[in-house]
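Q: Sending over a structure as structure tokens; questions will come in a sec.
The values are calculated or read from the model by the stated rules, or taken from the named source; none is laboratory data. Everything numeric in this text was worked out from a predicted model, so none of it was measured. Please note: Cβ atoms are built from the backbone with ideal geometry, for glycine as well, and neighbour counts cover all protein chains shown. Ligands, DNA and RNA are stripped out before the accessible areas are found, and what is left, the full protein with its side chains, is counted by its heavy atoms. Shrake-Rupley method; radii C 1.70, N 1.55, O 1.52, S 1.80 Å.
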Amino acid sequence: MISVQTLRVQYGARILFNNLSFSVQPRERIAFAGHNGAGKSTLMKCIAGIIPASGGQISAPKGTKIGYLPQEGIHVKGRTLWNETQSAFGEVMALKEKVDRLSDELVKMDPRSSPYGDLLEEIGELELKLYANDPDLMKPKIESVLKGLGFQEKDFKRDCSEFSGGWQMRIAMAKLFLQQPEVLLLDEPTNHLDIETQLWVEQYLVNYPGAILLISHDRALLDTLCTRTIAFAHGRAEEYAGNFSYFERESVLRKEIQLKQYTAQQREIAETQRFIDRFRASANKATLVQSRIKLLAKVVRIPEPERDDAVMNFKFPPPPNSGHTVAKLESACKAYGPLQIFNGFDFEINKGEKFAIVGPNGAGKSTFCRLVTAQEAPDTGNVVLGHNVKPSFFSQNHADELDPDLTILETVQAVASRDAAPQVRNILGCFLFTGDDVFKKIGVLSGGERSRVALTCMLLKPANFLILDEPTNHLDMQSQGVLQRALLNYPGSVMIVSHNRDFLDSLVTKTLEFRPGEEPRLFHGNIAYYLDKKAEEKSGRDVSPKRLPHSPPATTADAEVKKDTPKPESIPGVNRKEQRKLEALAREAKTKILAPLEKELETLEAKIAEQEAAQATLTAALSKEEISSDPDKLRQTTNAVEKVTKTLELAYTRWSALTEEIEQVKAKHGL
């Protein structure tokens, strides 16, 4: 599909990568990994033909279409959303227009003339091509993709200039998906997407018919989609036959092996050199010395393992103590013209709570943050901060308020407390500002770099209530980990607006959802819990807390308890003889009807336990090197996991129906 051969990219004295070679096969999903600035986006632009490489070549079969989605910088105006996305079918539309034009000409010609026959034949050939691309399917395809990406039908006739930068990227993504190029290059595609849209894009890409090259800091997307990873670091690129989590494990193992090999070889080289130095002047050992010198010259030196970038951590300044209630909204109402954000909203944030705020763009998440921090007032109702609450708020807008004439170091030192001042350089390093970078002026930084400076300033202020609006948008995986670990150990309250599932899941215990035109909803769980509940609601399943889906079914012991149900109590107005008759009928019903059902339930539960154990064993095997490094074994194990999972789903369904049937029998016969 695509062949990259001995590629070299160099800027001045800096070599991003050299002698890079790899190929992309049809339907492959490849992740580009590495810290910011390692060359991932540059390589993607080289493949897309946007910038030239310094050396080597990139080749693809003639006619191969390559589609590229950059991180930002796309802005369309002067066309409606529908017309812009419909332009993805430009070739089909041009074909249809040509057929219509030639058909109009055909009507004016003499059917008995030779040109008439030639034109008729040409129209026939064009219609065959048109049939293969079926223009009648364009409308439902466009609607499906636009709605999947979060647009509403009322948006279709809006001019593209009315949409913000994040929505502009969705428009570009919609066009790419509709064009369906053979190779799709995606640079941070989920940066501006809410969680529901992320899930739709993830599923769309799983089923995409072409090859995909992906840059992302969304670990969940990388692990779900990619089966191969190319990692860039220190001017080199290495390939890994697995997803991002596999790359992280395997890279550590490779470095450990290389270090052992390097250490052993260095020890052997040192011993040989000592022998040479000791006996170099000895005539009796001259032959041996020369032999050792020649041997040493032939040794293929194992390169010294490159040092990992230092894993830095930081702690928040000790927060001042606050009361139990951190913030409280009472009957709060907020609207912008006809757009109602919330109406009569009551909500309380307590000390030590960490929760996520999720929902589509424009639903009111940032408005809620501004109300809580008193940057905006509610139209009616009250918003009150608790006793001695010291909030600290990070939003993307704060980056625009930094003094452009100060350096990064001066900006951060100005807000650091006395205790945090000695750690300023270390903390800046955590967020990708190392060496002489800290002396750059704010005015020359990119938008993402300014956001990281603003985030660093905010984190250094002593506070007991943190409000973070999209804090991970411009952080690489390592920086996300630094921030995540600091927040896990932070004793204060935290409210995070984010769509980064992996970042949020281990942090938050509550999820507050905002949706346009609806009252906010609180889910008492992390993001995984929230997504499970939303999936249940969407499928129409019962979401009452009887039993969570895929949780262990009732044990055999539970079934035994059910068996030991008491006999029916005496019924008023029925004599003892009649009572004994009713009891006999109940026993008969239990023997003939209930016993077989309970026996089946017991057998089914044993089968479920076996299948769950098998599923756990197979899933664990996927991460083993001997499986993950062998494509055949990996495919066989993956197929086995899917088979066991399907069997379990059928078993769970039967278990649910069986327990319901048993309850109905018991109720009917008074057992």
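Q: Modelling each spin label as a point 7 Å along the Cα-to-Cβ direction, I'd like the E663/L126 distance in nm, to one decimal.
A: Using points 7 Å along Cα→Cβ, the separation is 6.6 nm.
Q: So, in nm, how far is label N489 from label S282 when the simple model puts each one 7 Å beyond its Cα toward the Cβ?
A: 5.6 nm
Q: In the chain, what percent of the accessible surface is made up of carbon and sulfur (1.4 Å probe, ligands and nucleic acids excluded)? Each step should come with its number before you reach the end.
A: Numbers: 18480 of 35700 Å².
Here carbon and sulfur together make up 52 percent of the probe-accessible area.
Q: Taking +1 at the Cβ of each Lys and Arg and -1 at the Cβ of each Asp and Glu, which of T287, N350, S493 sits farthest along the dipole of the chain towards its positive end, judged by Cα position relative to the Cα centre?
A: T287
Q: Same structure, new question: From the square roots a ≥ b ≥ c of the eigenvalues of the alpha-carbon gyration tensor of the chain, which class results: rounded (a/c under 1.5), prolate (a/b over b/c), or oblate? Please list the in-between numbers first.
A: Numbers: a/c = 1.36, a/b = 1.21, b/c = 1.12.
Verdict is rounded for the chain.
Q: Something else: Roll a 1.4 Å probe over the protein heavy atoms and report the accessible area of E537 in Å², nearest 10.
A: 70 Å²
Q: Here is a further query. Work out how much length D346 to T434 would gain on full extension: take 0.36 nm times their residue separation and subtract the Cα-Cα distance, in nm to one decimal. Walk me through the numbers before you get to the answer.
A: Working: separation 88, 0.36 × 88 = 31.68 nm, distance 4.48 nm.
Going from the current span to full extension adds 27.2 nm.
Q: Sticking with this structure for a sec: Once Lys and Arg get +1 and Asp and Glu get -1 on their Cβ, which of T411, I662, P319 lies farthest toward the positive end of the dipole of the chain?
A: Comparing the listed Cα positions along the dipole, P319 ranks first.
Q: With runs of 4+ DSSP H residues as the only contributors, calculate the mean residue ellipticity of the chain at 222 nm using -39,500 (n - 2.57) per run, divided by the residue total and rounded to the nearest 500.
A: On the way: 22 runs with 305 residues, N = 671.
The per-residue figure over the chain is -14500 deg cm²/dmol.
Q: With r as the distance between the Cβ atoms of A374 and Q203 and R0 = 35 Å, compute the FRET efficiency 1/(1 + (r/R0)^6) and round to 0.05. Let's see the in-between values first.
A: Working: r = 40 Å, r/R0 = 1.16.
According to the calculation, E is roughly 0.30.
Q: Another one. Identify the residues of region 592-625 with backbone N under 17 Å of a label point that sits 7 angstrom from the Cα of E642 along the Cα-to-Cβ direction, or state none.
A: 615, 618-619, 622
Q: Further question on the same structure: Counting only the backbone N, which residues of region 203-234 are under 18 Å from the spot 7 Å out from the Cα of E625 toward its beta-carbon?
A: 229
Q: Using the Cα centre as the reference, give the magnitude of the dipole from point charges on the C-beta atoms of the chain (Lys, Arg: +1; Asp, Glu: -1; all else neutral), rounded to the nearest 20 debye. Walk me through the numbers on the way to the answer.
A: On the way: 87 positive and 90 negative charges, 425 e Å.
So the magnitude is around 2040 debye.
Q: Return the subset of K65/K147; K538/K646; K147/K624; K354/K533; K315/K351 for which the Cα-Cα distance in this structure is over 29 Å, preserving the input order. It would help to have the intermediate numbers written out before the result.
A: Numbers: K65/K147 25 Å; K538/K646 20 Å; K147/K624 40 Å; K354/K533 19 Å; K315/K351 19 Å.
Those over the limit are K147/K624.
Q: To continue, here is another question. Which of rounded, prolate or oblate describes region 46-97 when judged by the alpha-carbon gyration tensor and an a/c cut-off of 1.5? Don't jump to the answer; show the numbers that get you there.
A: On the way: a/c = 4.08, a/b = 1.54, b/c = 2.64.
Oblate shape, in that a/c is at least 1.5 and b/c is the bigger or equal ratio.
Q: Shape verdict for region 87-178, please, from the Cα gyration tensor: rounded (a/c under 1.5), prolate (a/b greater than b/c) or oblate. Don't skip to the end; give the middle numbers.
A: On the way: a/c = 3.89, a/b = 3.07, b/c = 1.27.
Here region 87-178 falls in the prolate category.
Q: Still on this model: In whole angstrom, note down how far apart the Cα centers of region 376-426 and region 634-659 are.
A: The two parts, judged by their Cα centres, are 51 Å apart.
Q: Taking the simple approach of a point 7 Å from Cα along Cα-to-Cβ for both T64 and Q258, what is their distance in nm?
A: Each label point lies 7 Å from its Cα, and together they span 2.8 nm.
Q: Let me check against my output: what whole-number percent is the relative contact order of the chain, with C-alpha pairs under 8 Å and at least 6 apart?
A: On the way: 964 pairs, mean separation 78.2, N = 671.
About 12 percent, as a whole number.
Q: So how exposed is S164, as accessible area in Å² (1.4 Å probe, rounded to 10)?
A: S164 exposes around 70 Å² with every protein chain in place.
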